[in-house]
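Heads up: the structure comes next, in structure tokens.
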Amino acid sequence: MEKILEKKRIDDWIKALSDWEVHAPALQDGIWTYQPVSGAIRLDHPNTNQSPKGFAFPQREIFFSFEQIKGEPPKLKQVLPKTPQHAVFGVRPCDGRGVPRMDKVFNDHVEDPYYNARRKNVAYVGLACNKPPSPNCFCLSVGGSPVSTDGLDVQLTDMGDRYFVKAITEAGKALMKAADGMFSDPSAAEQKQLKQVHAEAVAHPQRKVNDPDGAPAKLKANFNSPLWEEMARACIGCGICTFLCPTCHCFDINDEVQNKAPLKGQRVRTWDNCQFPDFTMHSSGHNPRENTGARLRQRVNHKFQYFHENFGMHQCTGCGRCITGCPVGIDIVTVVNKVTEHAG
Amino acid sequence: MINLQDIRDTARDMLAKGEVRTVIGYRRGTRGMLAEPAFITDPAQADDLVWNPTCFHNLSLYLVEDRKFLAHLRQNPGAPIGIVAKGCDARSIVVLMQEHYFKREDVYIIGVSCEGTGVVDERKLAPHLNGFQASDAVFDGDDFVFTTAQGEKRLPAREVMADRCLECRIPFPKEHNLVFGEDKTGRQLAEPFAALKRFEAQEGGDRWNFWSHHFDRCIRCFACRSVCPMCYCDECVVDSITFPVTSETSAEEKANRIRWIERSATRSENITYLMTRAMHLAGRCTDCGECERACPVNVPIRLLNNKMEREAREKFGFEPGASIGGPSLVASFLDNDPGDFIR
């Protein structure tokens with residue numbers, strides 16, 4: 001389904017989506033974040049500070065609650081998320097491409113009921129990038145594109161005073177049908193303009209991973225390279241790169257006890273991060289990834305080697321958040337290029 | 001004005017003569033104009049060093065890392081480690097030495113005065129560049145000059161400078177082995193604690209709501225802790241393991257470990273984390289402002305540290321990092337202490 005929507009009517013469209021909880025990027029406290037829509041939205045954001053992965057994989061998820069009176073068996077109660085239907089507007093193509101990658105992680109071998117309960121209720125309304133929203137964009141290097149529709153339910157393309165609106169999935173069609181009368185059919189000239197806008201979008205220069213296809217083998221060959229420690233020398237071991245990433249999905253599970261006697265609490269899953277020194281700490285005190293070099297290698301190899309070996313695609317979608325956010329200049333494009341060039 | 005070549009020549013000479021084993025300084029990074037920490041061991045690489053308004057980092061953090069690494073290897077330091085230090089960074093080094101983290105002779109401080117300026121705040125700069133990214137930044141007296149695809153952009157330093165630098169009282173590394181640039185202590189670009197005063201004037205008695213809003217936004221990436229040279233504890237209240245585990249540690253000890261703060265990024269846990277950190281920095285924070293710069297979600301962390309700093313200053317005339325032999329705030333008392341409970 002392909003339609004045209006006048007830009008000034010986007011708020012009317014959102015108003016018509018009364019069956020959905022609509023979120024869109026908003027500038028608050030100096031950063032762009034997804035916020036519940038109240039009033040007019042603007043889709044002129046660079047990219048959001050954090051990726052939209054939290055809609056299906058929130059930083060904190062309660063698995064079950066537990067209670068136990070001394071001498072009695074414990075009582076467990078599963079807490080499956082019951083979320084309303086969400087429509088997330090303004091998702092950039094890199095973040096769209098993060099969605100199928102997360103779907104794989106949470107459904108390969110084991111289907112994660114918590115992730116899936118949220119995921120089935122989220123529709124992503126993407127916005128093509130007419131020009132790279134960040135100086136650290138590199139989607140073209142990792143099989144993506146500023147006009148990719150992968151993972152999106154609807155794709156919007158900014159064409160001046162109009163959006164070209166394309167439904168990609170059934171969920172996307174449902175969003176458009178909820179406001180049927182607001183859309184018009186695209187003319188031949190508008191179809192042509194779309195092609196031109198997309199062609200220009202793809203032609204914008206971006207940062208470049210020089211040999212993405214060769215990366216898995218070359219990273220593997222360089223597992224023991226001294227380059228890792230050298231490149232990670234400045235790493236401070238914070239969680240910015242992974243917490244902002246659209247595809248990082250590692251988590252920790254803890255029992256949060258609210259009351260000791262009678263015992264009462266919740267088992268919760270929270271985001272975890274391979275860059276934290278205690279991430280791989282064994283209970284013996286041994287830490288197999290004992291320095292920042294080993295931890296940087298894990299992050300980069302996961303994106304460009306291990307995931308590729310498991311699923312036949314790079315996990316990194318080229319949003320550039322880890323580069324922009326790093327307080328000490330660690331730059332995944334430079335890192336991958338250095339290692340792949342090192343192997344010659 | 002500071003001549004960059006002088007810094008490079010010094011580093012090269014000292015490395016070549018073996019007077020220092022490494023020079024920790026700044027080099028140009030691979031993302032736009034931004035500098036990044038550099039660890040120079042080969043004299044031939046001394047020309048990688050840069051000095052510009054994006055040399056934000058408080059490199060004394062890496063002295064702590066170096067010390068930990070040497071302790072791990074059970075090695076003596078040998079030749080001292082050279083470090084490029086701004087005024088605030090040098091005061092951090094002093095605090096670390098007050099706390100006996102390392103000895104004076106283990107460090108060779110290559111001081112650099114911030115003279116009339118300081119470092120840029122990227123968040124303040126962005127609106128001036130109309131969406132363009134600067135490829136270069138230089139000091140030019142009272143101005144910063146940025147190179148963009150649109151040409152050169154000259155901005156008065158004070159318009160885009162970080163608050164920490166505007167409010168800096170001592171932009172000169174008093175503790176140094178060698179120093180570049182003039183001592184312009186006393187230059188007043190903004191009054192001390194200006195951002196804190198602005199906040200206090202605005203809050204309108206709504207402090208709880210202000211901080212609840214910001215504590216709720218914290219994602220607990222711990223960048224503020226990780227980037228801070230004073231946050232060197234091996235055991236931190238926020239970590240899942242809050243004590244050193246060895247082969248002797250029993251399963252029971254591990255299972256019954258105290259968890260002061262849960263991993264969930266919820267308000268109560270975030271408050272406990274950020275307030276604990278602020279308290280532990282009282283009298284130690286030298287206002288390098290790195291925690292606030294590193295924060296990916298713009299939590300105004302610096303206000304918390306500034307508040308503690310101002311309390312210490314007003315109550316006890318305390319200046320963190322003033323001298324190596326000087327007293328520390330929480331491990332000393334005054335005969336004329338204003339509180340009678342302590343006398």
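A few remarks follow.
- Strands (runs of 3 or more DSSP E) contained in the range B:138-252 and holding at least 3 residues of a type outside the set (Phe, Trp, Tyr), in contact with a strand residue (DSSP E or B) (Cβ under 6 Å, 6 or more places away or on another chain) and away from chain A (no Cβ under 13 Å): B:143-148, B:151-156
- For A:Thr157: the one exception among (1) in contact with a Leu (Cβ under 7 Å, 6 or more places away or on another chain); (2) closer than 18 Å to A:Ala174 by Cα: (2)
- For the range A:32-46, the tally of residues that are open to solvent by 20 Å² or more (accessible area, probe 1.4 Å), within 13 Å of chain B (Cβ to nearest Cβ) and either of a type outside the set (Ser, Thr, Tyr) or part of a loop (DSSP other than H, G, I, E, B) (or both) stands at 4.
- Within the range B:20-40, considering residues that are assigned to a loop (DSSP other than H, G, I, E, B) and farther than 19 Å from B:Leu178 by Cα, the one farthest from the other protein chains (Cβ to nearest Cβ): B:Met33
- Just one of the listed residues (A:His249, A:His308, A:His286) is in a helix (DSSP H, G or I), more than 8 Å from every other protein chain (Cβ to nearest Cβ), at negative phi and open to solvent by 20 Å² or more (accessible area, probe 1.4 Å), and it is A:His308.
- If the condition is being more than 11 Å from every other protein chain (Cβ to nearest Cβ) and part of a strand (DSSP E or B), then the range A:257-276 contributes A:Asn259, A:Leu263, A:Lys264, A:Arg267.
- Test for B:Ile83: is it away from every other protein chain (no Cβ under 14 Å), buried (at least 16 other Cβ atoms within 10 Å of the Cβ), within 17 Å of the chain's Cα centre (by Cα) and in a strand (DSSP E or B): no
- The range A:10-29, residues that are without any contact (Cβ under 8 Å) to a residue 40 or more places away in the chain and either open to solvent by less than 60 Å² (accessible area, probe 1.4 Å) or part of a strand (DSSP E or B) (or both): A:Asp11, A:Ala26, A:Leu27, A:Gln28, A:Asp29
- Annotation for the range A:301-320: no member residue is more than 25 Å from A:Pro113 (Cβ to Cβ), more than 20 Å from the chain's Cα centre (by Cα) and of a type in the set (Ser, Thr, Tyr).
- Test: residue in the range A:50-60 that is more than 14 Å from chain B (Cβ to nearest Cβ) and farther than 24 Å from A:His308 by Cβ: yes
The values are calculated or read from the model by the stated rules, or taken from the named source; none is laboratory data. Here the structure is a predicted model, which is why all the values come from computation and not from measurement. Neighbour counts are summed over all protein chains in view; Cβ atoms, including those assigned to glycine, are modelled from backbone coordinates with ideal geometry. Note: accessible area is taken over every heavy atom of the protein model, side chains too, but ligands, DNA and RNA are not part of it. Shrake-Rupley method; radii C 1.70, N 1.55, O 1.52, S 1.80 Å.
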